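Asker: Here it is, the structure in full.
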Amino acid sequence: MNLLPPLSHDQRFRAALGQRIRGFRRQKRLTQDALGEAIGCSASTVLRYENGEILPSLPRLLRLREVLGLTLDYLVTGEIPVAENVRDPNLLARFQQLQQLSPERRRRILNVVDSLLRRPEGPSGPPVAA
């Protein structure tokens, strides 16, 4: 038996945003104190963001985006914006698969791709610019 009232849309949004902030703060190995200092607030305010109690202001969201190395879209929605110029469905599917991998595995795969892109295209093709 659930005695708690259902979460409103606003509460779910705050909770999800807070989870993303906490997850990316930890991934960057930042304490709440360090993140608070970097974005201009106290550690207790960071805790309240992470717990979904309050929402950061737009200037603070922009600063969070910078410090955590994310796009604002991803920080706010949790969805990765797809570049409009990626029209090849196979390529798009590969990007989505890469996004699901651990950062270390993704880095290794991208290193291999970078190395292949630096090689000449073939006997008659020009080298690809690095």
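Please treat every number below as a calculation from the coordinates, not as lab data. Keep in mind that what you see is a predicted model, and the values were worked out from it rather than measured. All Cβ positions, glycine included, derive from the backbone under ideal geometry; neighbour counts span all protein chains shown.
Asker: Which loop GluC sites (Glu not before Pro) in the stretch 7-109, with loop taken from DSSP, have no more than 14 other Cβ atoms within 10 angstrom of their Cβ?
Answerer: Qualifying residues, ordered by number: GLU53, GLU79, GLU84.
Asker: For the pair ASP73 and ALA43, how long in nm is the line joining their label points, each one 7 Å along Cα→Cβ?
Answerer: Spacing of the two 7 Å Cα→Cβ label points: 3.6 nm.
Asker: Taking R0 as 35 Å, what's the FRET efficiency between ILE54 and GLU121 from their Cβ-Cβ distance, rounded to 0.05?
Answerer: About 0.05, to the nearest 0.05.
Asker: Taking only the alpha-carbon atoms of the stretch 9-77, what semi-axes of the equivalent ellipsoid follow from 5 times the gyration tensor eigenvalues under a square root, in whole Å, largest first?
Answerer: Taking √(5λ) for each eigenvalue gives 16, 13, 11 Å, largest first.
Asker: Simple spin-label model, 7 Å along Cα-to-Cβ: VAL86 to THR31 in nm?
Answerer: Distance between label points: 3.8 nm.
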